[in-house]
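Peer 1: Sending over a structure as structure tokens; questions will come in a sec.
Just so you know, all these numbers are worked out from the coordinates, no wet-lab data involved. No experiment lies behind these values; they were computed from the predicted model shown. No Cβ is skipped: glycine too gets one built from the backbone with ideal geometry, and neighbour counts run over all protein chains shown.
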Amino acid sequence: MQLFYNSDITATANEFTFDKIESKHIVKVLRKKVGDILQITNGKGFLFKAKVDIAHEKKCTVSIIHVIEKPKTRLYKLHIAIAPTKNNDRFEWFLEKATEIGIDEITPIICDHSERKILKIERMQKIIESACKQSLKYHFPKLHKPSTFKEFIEGHSTPQLFIAHCDDQEKKSLLSQLTGATDITILIGPEGDFSLTEIKIAIERGYIPIHLGESRLRTETAGIVAVHTAALHNA
């Protein structure tokens, strides 16, 4: 099944017109014509079955013929707060794979040792949308604007809080600490790891120090392992 996406479609809509870019893709690239059926999601849990009424490369209009509300299949919510990598391609890889596996919220955090502090949020959002369409997801994860470590720690809390760091302190495995189907937040640091001050602040705020295995992982790999571990625990 090919899944199209537009966040503007509401559950009560009768028809919808795609923008010029998507219209051209549908009509010129995919060669969809009048009468063809499209599957569309708004990323908010709805699947729309729609029929092409106008097949024009600048204005593809469809009529909604059936609406299905897709419930979330995961019983937990996962929020990964992760430091952007110096190599932007690696961070985009994390966004794509984490989305495919299953994640609810992503916050880029700027830490003491961060080497990248400027991000192309619009491009990141497009990568997430593309991964959702490819993996047939109807609930798209929320990408938050970048936040400093301190801002995130002070303004966010969930029942399960974890910080993955590499300092030589006592840590437990993430898998051993996950409990039940409740909301989870996991902090993943930059290439230079969290500073000792950041680790101390997080622990004081209730974050449990955890490791993600015996190997020292790259930031983006650690993020993927964390997402996958949560998925396996709640499978």
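Peer 1: Can you tell which of 202, 83, 98 shows the greatest fluctuation in a Gaussian network model of the chain with Cα springs below 10 Å?
Peer 2: The residue that fluctuates most here is 202.
Peer 1: Mind running the shape call on the range 133-223? Use the C-alpha gyration tensor, a ≥ b ≥ c as the square roots of the eigenvalues: rounded below 1.5 for a/c, prolate if a/b tops b/c, oblate otherwise.
Peer 2: rounded
Peer 1: Here's another thing I want to ask about it. Testing the spin-label approximation: label points 7 Å from Cα along Cα→Cβ at residue 144 and residue 2. State their distance in nm.
Peer 2: Label-label distance for residue 144 and residue 2, simple model: 3.7 nm.
Peer 1: Quick one: if you stick a label point 7 Å off each Cα along the C-beta vector at residue 12 and residue 59, how many nm between them?
Peer 2: 2.6 nm
Peer 1: Can you give me the span-like helices of the chain, meaning DSSP H runs with 18 Å or more of Cα extent along the axis and Kyte-Doolittle mean at or above 1.6?
Peer 2: Flagged H segments: there are none.
Peer 1: With +1 on the Cβ of every Lys and Arg and -1 on the Cβ of every Asp and Glu, and nothing else charged, how large is the dipole of the range 65-195 about its Cα centre, in debye rounded to the nearest 20?
Peer 2: Around 520 debye, computed over the range 65-195.
Peer 1: Another question about this same structure. Just to be sure I understand: with springs between alpha-carbon atoms less than 10 Å apart, which residue in 109, 68, 163 has the highest mean-square fluctuation in the Gaussian network model of the chain?
Peer 2: Looking only at 109, 68, 163, the largest GNM fluctuation is found for 68.
Peer 1: For the range 28-124, what does the equivalent ellipsoid look like in terms of its semi-axes, each the square root of 5 times an eigenvalue of the Cα gyration tensor, given largest first in whole Å?
Peer 2: Equivalent-ellipsoid dimensions as semi-axes: 36, 19, 10 Å.
Peer 1: If you wrap the range 2-79's Cα atoms in a convex hull and average its projection over all directions, what's the area in nm²?
Peer 2: Seen from a random direction, the Cα hull of the range 2-79 projects 5.7 nm² on average.
Peer 1: Rounded to the nearest Å, what's the spacing between the alpha carbon centres of the range 96-117 and the range 127-149? Just the number, please.
Peer 2: 10 Å
Peer 1: A follow-up question, please. By how many nm would the segment from residue 151 to residue 191 grow when fully extended, if each residue of separation counts as 0.36 nm and the alpha-carbon distance is taken off?
Peer 2: Working: separation 40, 0.36 × 40 = 14.40 nm, distance 2.02 nm.
Result for the pair: 12.4 nm of gain on full extension.
Peer 1: If I histogram all Cα-Cα distances within the chain using bins 5 Å wide from 0, what percent of pairs lands in each bin?
Peer 2: It works out to 1, 6, 14, 16, 16, 13, 10, 8, 7, 5, 3, 1, 0, in whole percents.
Peer 1: Next question. Among 99, 26, 175, pick out the residue whose Cα is farthest towards the positive end of the charge dipole of the chain, where Lys and Arg carry +1 and Asp and Glu carry -1 on C-beta, about the Cα centre.
Peer 2: 26
Peer 1: Once fully extended, how much extra length lies between residue 100 and residue 166, figured as 0.36 nm per residue of separation less the alpha-carbon to alpha-carbon distance?
Peer 2: Gain on extension, residue 100 to residue 166, equals 21.1 nm.
Peer 1: For a quick check, take a GNM of the chain with Cα springs below 10 Å and name the residue from 36, 183, 104 with the largest mean-square fluctuation.
Peer 2: Checking each option, the largest mean-square fluctuation is seen for 36.
Peer 1: I need the calculated FRET efficiency for the pair residue 72 and residue 121, taking r as the beta carbon distance and R₀ as 22 Å, to the nearest 0.05.
Peer 2: Step by step, r from the Cβ atoms, then E = 0.35.
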